[in-house]
Amino acid sequence: MQSPQGKTPESGVVTGRRLSVAPMMDWTDRHCRKFHREITRHTWLYTEMVTTGALVYGDVERHLRFNEEEHPVALQLGGSDPKDLATSAKLGQQWGYDEINLNCGCPSERVQKGAFGACLMAEPQLVADCVKAMRDVVDIDVTVKHRIGIDDSESYDFVRDFVGTVADAGCNTFIVHARNAILKGLSPKENREVPPLKYDYAYRLKRDFPQFEFIINGGIKTLDEIDLHLQHLDGVMLGREAYHNPYVMAQFDQRYYGDDAPVKTREQVLEAMIPYISAQLEKEAGRLKLNSITRHMLGLMQNLPGARGFRQTLSDSKKLASGDPRLLLEAAARLSLPA
C-alpha cells in the first residue's frame, strides 16, 4: 500500500490523510487553501475539481498553480477518459501535487453531461481503467472520492462491488461521501442534505477491505464526531463546516497529529494573511481583487460576539475597493478576540 507523500512546508514531515478539507467548487481555490494552512499545518487540502478538458485544452498554469506552503495538497480531477486523465494526472505530478483524486461523487447535471462525477459509479470498470491509466504515469497516490450509491441503488453490495473493482486497478484510498447521489430531481445542495447519511456503510467497507485506507465525508461538524469516526476509519474529511467555521481546525494539529506547536489565535491567522494578500495583489495588479481572498475568511469569527460586525466589514464594497489588506485588522476590531 502506498503511503501519503504530502510534506509540510517547513519541516518536511510526511503527514497522513487523517484530517482533510473536501474539494468544493468555487470555494477551495489556492487563496482559500492558503488561509486554511495558516490555521492547520498538517490537514490535507484539496483543490476544486479541475476537469481534464481544462488541462488538456486550456490554461494549465491558471488551473494548477498553487502556493508551496499549501503542502500537503491534492489535485482533484473530473473526467472519464483514461487517456485524458493520465495526461492530467501527469501534469498534476509535474506541478508538485501530493495526490491525484478522481471525482466520482459530484451529482450536478452539468458534470453528468460531461459523463463524470457520481454517474461514474454506474461504470466501476471504467473507473478502474481510469485509475490504472493514471497510476501508470505517476508515482504519487491516485485516490477516488465517491458516494455510497446512486439513485435507488441503496444496497451496501453496490458500493462494496464498486470499491472492489476499483481496488483491483490499484486504488488504495477511498474517500466515502456517505450518502447516495440522486442524479435527477435534486440540486447539488439538496444532494448534500436530502439523501440520508449512512456512516455504517463506510465502516463496513473498512471491515471488508481492511488493507485499504478509508476516509469518511458528509455532515461532520464537531471534534467529538471526528473522534467517533476515527475509531472505525483511517480519516475524516470536513466540507462545509471547515469553510463556514474554519477555526474548528485550530485544534487539529495537536489533537490528531501530535504537533505540540502553539495554536494560532484568530488574530495571528489574520496577521499572517496580510503579507500574502499584499504580495498577491501586487503580483496580479488589475486582475485580482481583495474580495477574491477575503471572501474565504468571513467565517473565521463564527460563534464569537461581534462576528456579524466582522463579516459586515469584510463585505463592505467601498472598503474592499481600497485594496488594503489591513482591512482584516479593521474587521477584527469589531469584536474582542480571545488571547
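The table below lists the values:
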item: Test: residue in the range 314-321 that is farther than 22 Å from VAL248 by Cβ and part of a loop (DSSP other than H, G, I, E, B); result: yes
item: Qualifying residue in the range 125-147 (condition: in contact (Cβ under 8 Å) with a residue 24 or more places away in the chain, touching a His at 6+ places or on another chain (Cβ under 7 Å) and assigned to a helix (DSSP H, G or I)); result: no
item: Long-range neighbours under 9 Å by Cβ, at least six apart or interchain, first residue over 19 Å from GLU69 (Cβ atoms) and at pLDDT below 95 within the range 89-105, second in a helix (DSSP H, G or I) and among the β-branched types (Val, Ile, Thr); result: none
item: Qualifying residue in the range 41-51 (condition: farther than 22 Å from THR294 by Cα and either free of Cβ contacts under 8 Å to residues at least 40 places away in the same chain or polar (S, T, N, Q) (or both)); result: yes
item: Flag for THR15 being buried (at least 20 other Cβ atoms within 10 Å of the Cβ), β-branched (Val, Ile, Thr) and at pLDDT 95 or above; result: no
item: Filter result for ALA169 (on the phi < 0 side of the Ramachandran plot, in contact with a strand residue (DSSP E or B) (Cβ under 7 Å, 6 or more places away or on another chain) and hydrophobic (A, V, I, L, M, F, W, C)); result: no
item: Members of the range 148-164 found to be open to solvent by 40 Å² or more (accessible area, probe 1.4 Å) and assigned to a helix (DSSP H, G or I), listed by number; result: ASP157, PHE158, ARG160, ASP161
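The values are calculated or read from the model by the stated rules, or taken from the named source; none is laboratory data. No experiment lies behind these values; they were computed from the predicted model shown. Please note: Cβ atoms are built from the backbone with ideal geometry, for glycine as well, and neighbour counts cover all protein chains shown. Areas reflect the complete protein model, heavy atoms only, side chains present, ligands, DNA and RNA absent. Shrake-Rupley method; radii C 1.70, N 1.55, O 1.52, S 1.80 Å.
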